[in-house]
Each structure stands twice: as structure tokens, then as C-alpha cells.
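Everything on this sheet refers to the single structure shown next.
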Amino acid sequence: MRVRFAPSPTGFLHIGNARTALFNYLLAAHNKGEFILRIEDTDRERSKPEYIEQIFKDLGWLGIRWTEGPDIGGKYGPYLQSERTKFYKDYVKKLIDEGKAYYCYCTPEELDKDRQEQLAQGLTPKYSNKCRTLSDEEMAEKHRAGILPSVRFKVEGAGELTVDDMIRDEVTFALEQVGDFIIMRPDTTPTFHFAVAVDDGLMGITHVVRGEDHLTNTPKHILIMKACGFKVPRYAHMPLTMGPGGEPLSKRLGAMSIHEYRKLGYRSEALCNYMALLGWSPGDDRELFTLNELKEHFSIKRVSKSPAVFDKAKLDWVSGMHIRQMDENEFAQEILAFALDEKIISEEDYNTRPEWYAHILRIFRNNLSCYSEIKEKMQLFDTTIEYEDAELLKSEGARSVIAACEAILQEIDVIDENTVDNFLKSVKKRSGQKGKELFAPLRMAFTGKMHGPDLKEVMIILGRRGCLKRVQTVLYGEAKNGEGT
Ligand code: GLU
């Protein structure tokens, strides 16, 4: 099995096209086949070298590995379409020599006029094939007039062409709807269809997995491949990924680039897990997979025909679960590296109290969906505290809890892992409150929030003095929403 991912470097990889890369990679990996990276940079205007570089980086970060590609070569190279011009020219020549393609001298104006006429007659526009029958003399005349020809592929026969798609089953196209189409432009660059078909053929690609938007291109690719004498690969057209309202994924809605997710501190494995679930399911309700587990379980037969819907909340859930399932030390190292790299914690501050920071970072593990969230969460340890619900601290019951805290904190020496349980027991006893009546005011007073990291951990980090300060802010400061020191 030889499978390829063939991105056009006209933008950054986002969830949509990275998912295409992933499905190809999983198909190859599951079947012990080869996964090839080919860069389709025939659109010279829009293709940019920096996008190519970023594609390498993003795929590498995701854990997607290729065995042939522009950066590492391979025996079917080159793997940049812009370096394959010779092949396209050779095959165009071969098709012309065999009468399967011909020069077309129609100018854009002429083509447009024909199109308008067809539309006016209620017909679906299609090339009239008029240059098929030009005599040598007519061609020479056009040539003398300085008109540079394009090359058209001859679509012969009036039958049907059926694509046996691995996801969509049989899809049939009527050939009369496909007019003779251009395979080489007057400037001798190949069209997208021609380059794809010739490359898939020459590179011995056996399976093509790509977006459903390419399904209608497939008859053209098959016709070209057959005419050139290549073996036609199996195709699988994946449903597109839509936004929550059924609209195509836009930049605004989740089509964030892969490196933006990386920058936010999503783990690559979580992102792969989530992307795999966009259209694929293992057949039971399991949802969490490592990349190796995906390789083991993936099957193209289990890719759905209906569009996948991008769901940010689901991504965050999957991502949070991956963070919780990590090895503790690995988590500690990654989150610290992230916080320092992103300057959420300065090197200088960190060096003054490394254990304290390591402790803080650890307690948020159960409440994170990506590492950048740490920035906001760490505000919990700022000198000022903001209350999500200051009212909660005003009831008589709450005041008695907080007053008990103050009294006990003044009696004891430390709050640490050995004393915190006793402290809470004493507060319970002295205030006479229990359950929610006890814990909601404590949580609000110490963290300013209804939910969040483990209360005892927060108290240990704050220490006796920090805890006392927060308690006194409630009792004597102005405990209003969003205020209080
Ligand atoms: N270069 C095409 C794209 O980025 C992919 C073509 C293909 O997979 O056949 O959409």
C-alpha cells in the first residue's frame, strides 16, 4: 500500500487538511504501507516556501511521519510538483502523439462567449470540442497569429464512469457532462488535475484519501491515468468538516491552524485523537486513543459518509482527558516548559521559588483543557482576589465559617499537608456548618471561584499567612464581585 498526503502550500495546515493527512497516515500505518508527502505547488502565485516549511513542522509535531517527501527524497521523487515539469511535458507529448489530447487555440474571450450562449440556451456549459478537428494548416495559422495553445484531454465515449469509493461506495458520473478539459496551460504549466493524476500514477500510489470536495474531480483523474497507462488507485472521499451550524469550517470557527493549537498548549496526541473522531469511530463508544492506538484501530470502512461537525467543547474534553491521563512527571515537565516558554512565569520568578511554582502548576492538572489556560488559573495566587459570587460570602452561615477560619488560623502555626485536614475539621466544629454550607464559602473565600482545583492544595500553597489574609479580606475588606484585596 502506498498512500500520500498532497497539500497545496497556499496556507497553514488546519483541522480540516491535517485531518486528511492523519487519515492517510493511519490507513498506511494500519496496513504497514508507505506514507508519502507530496507538495502540490503548481499554483505559483499562491504557493509560499514558508507554508511548505510549516507543513513539515506541523506534521512532524503531530507525530505523522513520511518515508518519502521533498525534505528526505525517495525513489519516486522529486516530491515537489514544481520540480516535476519534465514528467508532465513528457506525458502531454505522449497523449498528443497517441491522439488522446490536442492543442486548443481558443482564447478566453471565445470560451466565455460560447459559455454565455450555452447558458442562454439553458444548457450546462461545456467546452464545444471545436479545436479537436483543427487541420494542420489552421493550427499553423493560429500559431503565426501568435496564439499560444493550451492542451486539452479528449473525453471520448458517451457512457458512464463509476468510482468505487471506499467511503461512498459506487458513485457514477455521466461522461457527456465532462467536456474536453485542459491539462496544460499555454505557459506549459500542468493543470491541477493533470499533475495529480500523473504523479499518483508515477509514484505508484495505491490509495487516495482526500476531501469530498475532490469527488467530482475524480472522473478526470481516472480518465487521465487510464490514458497514460497507469494503474488507477482506490479512492476514499472523506466527508468535510463543518462548523456547528452546518457551515463550512472557517478560519474563525475552529479552522485555526495546527501551530496555533500548539501555541495554545494542546498536546499533539489529543489533537490527533480529536481529528480522528471527526468522521471516524471505532464501532463502539470508546473515544480516547493514543496515536499508536489509532493506528491499531483505524479502518477506512468506519469513516462516515455524513459531514463531521467541529465541536470545540468536545476537543477540549478530549484534550483535558489526555492531560489527566499523562504520566505525572511528564505533565510536570511539559507544563513548566510551556509556562516558561510562553513567559507565563518569568525565569527570574521561577528561580526564586521553583517548588512553589511546581506545586501550583500541578494542582491545575484536573481543570485544564490546554496548557495556556494556566495563565488565567494562576491568577488565583495573585495578591488581589476576585470573587465570582461575593453574595455567597454574606450569609450568616458563611460568615460563621470564615470567622471560625480566622480564629483557628490565629491559633495554629502552619497550614501544610499534615495540618490542613485538622484545620478543616476544627472549622467545621467551631462554625457548626457542614457539607456545601461549609465548603462553598471556604472555596469562595480562598479561591474566589465556585469550582477549581483542590481546596486543600490551594490552602497549602497559600500557607497560613496567605489563608489568613484571604479570610480577613472577607471579614473586613469590601467583598464585592470582582473586588477585594
Ligand atoms: N493538493 C490538493 C489539495 O490540497 C489535494 C489533491 C489530492 O489529494 O488529490 O486540496
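The values are calculated or read from the model by the stated rules, or taken from the named source; none is laboratory data. Nothing here was measured: the structure is a model prediction, and the numbers come from that model. Cβ coordinates were reconstructed from backbone atoms using ideal geometry, including for glycine residues, and neighbour counts include every protein chain displayed. Just so you know, the surface numbers come from the protein's heavy atoms only, side chains and all, with ligands and any DNA or RNA stripped out. Shrake-Rupley method; radii C 1.70, N 1.55, O 1.52, S 1.80 Å.
Neighbours of PHE289, meaning other residues whose beta-carbon lies under 10 angstrom from its beta-carbon, give a summed charge of -2 when Lys and Arg score +1 and Asp and Glu score -1.
The calculated 222 nm mean residue ellipticity attributable to helices in the chain amounts to -14000 deg cm²/dmol, summing -39500 (n - 2.57) over DSSP H runs of n ≥ 4 and dividing by all residues.
Restricting the stretch 344-418 to chymotrypsin sites (Phe, Trp or Tyr not before Pro) that sit in a DSSP loop and have at most 13 other Cβ atoms within 10 Å of their own Cβ leaves nothing. Between the helical axis of 420-431 and the dominant principal axis of the chain, each derived from Cα atoms, what acute angle in degrees is found, rounded to the nearest 10? The angle comes out near 60 degrees.
Taking 14 Å as the straight-line reach from the Cα of LYS48, the aspartates and glutamates in range (excluding those fewer than 8 positions away in the same chain) are GLU40. Using only side-chain charges placed at the Cβ, +1 for Lys and Arg and -1 for Asp and Glu, the dipole size of the stretch 233-318 relative to its Cα centre rounds to 320 debye. Sorting 20-33, 208-221 by their mean Cβ neighbour count within 10 Å, with the most densely packed peptide first, gives 20-33, 208-221. Do any of LYS94/LYS226; LYS375/LYS425; LYS93/LYS154; LYS226/LYS301; LYS377/LYS429 go past 21 Å between their Cα atoms, and which? Where the Cα-Cα span goes over 21 Å, the pairs concerned are LYS375/LYS425; LYS226/LYS301; LYS377/LYS429.
The magnitude of the dipole of the stretch 344-485, with charges of +1 and -1 set on the Cβ of Lys/Arg and Asp/Glu and taken from the Cα centre, is near 580 debye.
Rounded to the nearest 10 degrees, the inclination of helix 108-120 to the longest alpha-carbon principal axis of the chain is 80 degrees.
Calculation over all alpha carbon pairs of the chain in 10 angstrom steps from 0 returns a P(r) of 4, 16, 20, 18, 13, 10, 8, 6, 4, 1, 0 percent. Compactness ratio for the stretch 400-485: Cα radius of gyration over 2.2 N^0.38 Å (N = residue count) comes to 0.98. Using the Cα centre of the stretch 282-434 as origin and beta-carbon charges of +1 (Lys, Arg) and -1 (Asp, Glu), tell me which of GLY283, VAL401, LEU380 is placed farthest towards the positive end of the dipole. Of the options given, the answer is GLY283.
Near TYR51, within a Cβ-to-Cβ distance under 12 Å, what is the net charge of the other residues, with Lys and Arg +1 and Asp and Glu -1? For residues surrounding TYR51, the net value is -3.
In percent, how large is the relative contact order of the chain, given Cα pairs closer than 8 Å and 6 or more residues apart?
Numbers: 730 pairs, mean separation 61.7, N = 485.
Relative contact order, the chain: 13 percent.
In a simple Cβ point-charge model (Lys, Arg +1; Asp, Glu -1; nothing else charged), the stretch 1-73 has a dipole of about 280 debye relative to its Cα centre.
In this simple spin-label model, placing a label point 7 Å from the Cα along the Cα-to-Cβ direction at both ASN217 and MET1 gives a separation of 2.3 nm.
For HIS451, put the label point 7 Å out on the Cα→Cβ axis and report which residues of the stretch 357-382 keep their amide N under 20 Å from it. Within reach of a label on HIS451, which here means backbone N under 20 Å from a point 7 Å along Cα→Cβ, the stretch 357-382 contributes 362-381. Once the Kirkwood radius over Cα pairs is known for the stretch 249-357, the Stokes-Einstein relation at 10 °C and 1.306 mPa s delivers a diffusion coefficient of 100 µm²/s. Using a 1.4 Å probe on the protein heavy atoms, what percent of the accessible area of the chain belongs to carbon and sulfur? Exposed carbon and sulfur together represent 48 percent of the surface.
Within a Cβ distance under 11 Å of THR124, other residues only, what is the Lys/Arg minus Asp/Glu net charge?
+1
Here the stretch 20-136 is described by how far its Cα atoms reach on the three principal axes: 53, 34, 31 Å, from widest to narrowest.
Send over a whole-number figure in Å² for the accessible area per residue of the stretch 318-464, probe 1.4 Å.
For the stretch 318-464, the solvent-accessible area averages 54 Å² per residue.
Rounded to the nearest 10 degrees, the angle from helix 85-97 to the longest Cα principal axis of the chain is 30 degrees.
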